[in-house]
Each structure stands twice: as C-alpha cells, then as structure tokens.
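The values are calculated or read from the model by the stated rules, or taken from the named source; none is laboratory data. Just so we're clear, the structure is a prediction, and the values are computed from it rather than from any experiment. Quick reminder, even Gly has a Cβ in these numbers, built from the backbone with ideal geometry, and neighbours come from all protein chains shown.
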C-alpha cells in the first residue's frame, strides 16, 4: 500500500472553500482505501489530508481523473501553500475501504 | 470527529516488533473509525500511525482497554522515541469504518 499525509494551507478565511473543493474529489477513486479530510485545530487556515492507496500508481492515476482535475481547479485559487508532507507504507489497519 | 497523526521511532532494528505490538491493539476499539499503521519509507526505524475517532473521549477511553494496555506494555521496550504528532479534526472521508 501507499500512503500520504499532507498539510494544505488555505488563503486567510478560505479554509471552508478548500475543504469543499477537496470533498468533490473523494468519490469513485479507484484504488483508494482511505482518504480523510480534516481541519487543523491549531491553524484556522490549515487542513490535513491522510490517504491510503493500494499502490503509488493508483494514487498517480487518480490525479488524472476528471473529478479530481475539477477539484484541483476549484481548490487552486484558495491555496496559499503546503505544509508538511510525508509518504508512508501502510501495513494494516482499521477502516481501510475496498479499492 | 477526533484525529491523530503520529510518528514513533523504534530502537534500531526493532521496527517489526513495534509494528507487531501496535497491531495487537487495533481490534475492537469502540469509537475507532480508522487506525492505520504504516512504515516510514525514509527511516528504517520509524512508523506512522493515523487515527480517526468519533470523539476525543473515545480515544482516551481506548487507552484503558486491556488489549491496548497489553500492546503498550509490549511496545514500550522497543520504543526509542516519538517524532511529529498532530491532532486533527476530521470532517469526512473515504474508508471511515463504523464506530
């Protein structure tokens, strides 16, 4: 499996718009086992996205999906920047959906 | 919802033991929606644990479960330290199990 943990920073006051945009892309992503969008309780403009994919290729393929392209286009104008980003190699867990 | 992202560092060469210990605790945790144990591909001794709970209280209650106490006791001797730790406020996602 392939995992990502990443922080995105919205323009000041635009976090809800960024969250809404990211939510658009979560349905019907082949190979996606987990994709959680969370607010950062310590930074009013920041969100965390944690992802688990069957492999890195399925994550990369997802970036070309029309729904994801649409989400990226909607998110881009409200993104101020990116924070921490970690790749992981998930082994097992609770709450991993079927790909 | 309540989320945690955390990095744990095993003693040199003891990552597999730490992973095995953490795996013991993942079954039957009330309020747990997601709990993923992952290796850090860039650090042979590090693991990442990402968690989603229905609320902070259910996470705290889990620490008192016998199975979790057992896992902590088994993990403690092979833990060298802790890395990054972030609390999050999950909003929605793919792969959130039922509590």
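Here are some notes:
- Taken over segment A:36-48, the residue count meeting the criterion of being at the interface with chain B (Cβ under 9 Å from one of its Cβ atoms) and part of a strand (DSSP E or B) is 6.
- Checking segment A:2-23 against the condition returns a match, with at least one residue being at pLDDT below 95 and in contact with a helix residue (DSSP H, G or I) (Cβ under 6 Å, 6 or more places away or on another chain).
Residue-by-condition table, conditions (1) without any contact (Cβ under 8 Å) to a residue 40 or more places away in the chain; (2) within 14 Å of the chain's Cα centre (by Cα); (3) surrounded by fewer than 21 Cβ atoms within 10 Å (Cβ to Cβ):
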site	(1), (2), (3)
B:4	no, yes, yes
B:42	yes, no, yes
B:59	no, yes, yes
B:72	no, yes, yes
B:76	yes, yes, yes
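- Qualifying residues in segment B:26-35 (those that are in contact with a helix residue (DSSP H, G or I) (Cβ under 8 Å, 6 or more places away or on another chain) and either more than 10 Å from chain A (Cβ to nearest Cβ) or under 14 Å from residue A:91 (Cβ atoms) (or both)) - the one surrounded by the fewest Cβ atoms within 10 Å (Cβ to Cβ): B:30
- Condition check for residue A:17: within 12 Å of chain B (Cβ to nearest Cβ), in contact (Cβ under 8 Å) with a residue 12 or more places away in the chain and more than 10 Å from the chain's Cα centre (by Cα): no
- Residues of segment A:56-67 include at least one that is outside any loop (DSSP other than H, G, I, E, B), within 25 Å of residue B:9 (Cβ to Cβ), modelled with pLDDT of 95 or more and within 13 Å of chain B (Cβ to nearest Cβ).
- Filter result for residue A:71 (within 14 Å of chain B (Cβ to nearest Cβ), touching a helix residue (DSSP H, G or I) at 6+ places or on another chain (Cβ under 8 Å) and within 17 Å of residue B:50 (Cβ to Cβ)): no
- Screening the candidates A:22, A:29 for the property of being in a helix (DSSP H, G or I) and over 18 Å from residue B:4 (Cα atoms) yields one hit, A:22.
- The one condition in (1) in contact with a strand residue (DSSP E or B) (Cβ under 6 Å, 6 or more places away or on another chain); (2) surrounded by 16 or more Cβ atoms within 10 Å (Cβ to Cβ); (3) farther than 19 Å from residue A:42 by Cα that residue B:53 fails to fulfil: (3)
- In segment B:76-99, the residues that are more than 9 Å from chain A (Cβ to nearest Cβ) and at pLDDT 95 or above: B:76, B:77, B:78, B:79, B:80, B:81, B:82, B:83, B:85
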